[in-house]
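The values are calculated or read from the model by the stated rules, or taken from the named source; none is laboratory data. Remember, predicted model here, so these are calculated numbers, not experimental data. Methodologically, a virtual Cβ is constructed for each residue, glycine included, from the backbone with ideal geometry; neighbour enumeration extends over all protein chains shown. Note: areas computed on protein heavy atoms with side chains; ligands, DNA, RNA excluded. Shrake-Rupley method; radii C 1.70, N 1.55, O 1.52, S 1.80 Å.
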Amino acid sequence: MNITNIIKKNGFYLSEEIISVSDLKKLKSFIHDKIIEFPNKNFRLYKDNFKNSIIEETEFEKKINNLINKVLNENNITNFDKPNYKVIRIVSGKKQKKQANLYHFDAHLITILIPIIIPNNKNNLNGDLVLFPNLRKLHKNIYLNILQKIFFQNFIIRHLLSTKYFKKLFKFKILKIKPGNLYMFFGFNSLHGNLEIEETSTRATLLIHAYDVFENSKLVKINRNKSIKKEIKNIKV
């Protein structure tokens, strides 16, 4: 099975087998503990917060890395041994609206999304994943990357992309993500974001990014470290 071909055809790859029942139980337990520890409504957690969790367990990492390496090999990317960039994202409460429709490109080629806690509201406000698959090609031109981000990630374009007309124009996909599943797509190539959730609900996901396209860019590292410091400050408030 060539996963790259599946992603290019469908926009994403779905696995119902990689995340076990035990894995999901441990992830949910970890999330519940963090929500109690950091009672903010919206926050992100990074590697320093993953100690003694399943996210750093050898077997769990091995499963994820085997999948990533398979896709990298399919794309003729070999001898890549840099660590993955992992983020826990938790969204809930009245301020969750600010977290919706924030369509963006990632700096990493591969994005893996593992849903942990996902609402199941009858009004469909469940934070569904929205993909605009393979909207740009893989490249290593940092200046072109900046221009693309300025164009697609500004307030006006994001607002337009939240409308039905522009979603159809850019051939969007809406994925009703489910805990226990694993979703992989090319985050660098595909514009993506999530829809709104009901303010009484909570949405928690584990994001794993692999193959940093601009790993040697000081500008990207500065911007990423700035975001991490902002989130660390947020959970301590």
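Tabulated values for the structure
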read-out: Matching residues, the range 13-61, being of a type in the set (K, R) and open to solvent by less than 30 Å² (accessible area, probe 1.4 Å); value: K34
read-out: Evaluation of K176 against (1) farther than 21 Å from I7 by Cβ; (2) of a type outside the set (G, A, S); (3) open to solvent by 60 Å² or more (accessible area, probe 1.4 Å) (one fails), failing number; value: (1)
read-out: Breaking point among (1) of a type outside the set (S, T, N, Q); (2) within 13 Å of the chain's Cα centre (by Cα); (3) loosely packed, with under 14 Cβ neighbours inside 10 Å, for K168; value: (2)
read-out: Options I55, I35: the member that is within 24 Å of N194 (Cα to Cα), assigned to a helix (DSSP H, G or I) and in contact with a helix residue (DSSP H, G or I) (Cβ under 9 Å, 6 or more places away or on another chain); value: I55
read-out: Per-region count, the range 112-129, residues in a strand (DSSP E or B) and at pLDDT 95 or above; value: 7
read-out: Options I7, I77, I68: the member that is of a type outside the set (G, A, S), in contact with a Phe, Trp or Tyr (Cβ under 6 Å, 6 or more places away or on another chain) and open to solvent by less than 70 Å² (accessible area, probe 1.4 Å); value: I7
read-out: The range 184-232 - residue that is assigned to a helix (DSSP H, G or I) and basic (K, R) and, of those, modelled with the lowest pLDDT; value: K230
read-out: Of all residues in the range 28-50 being in contact with a Ser or Thr (Cβ under 8 Å, 6 or more places away or on another chain) and of a type outside the set (K, R), the one that is modelled with the highest pLDDT; value: F30
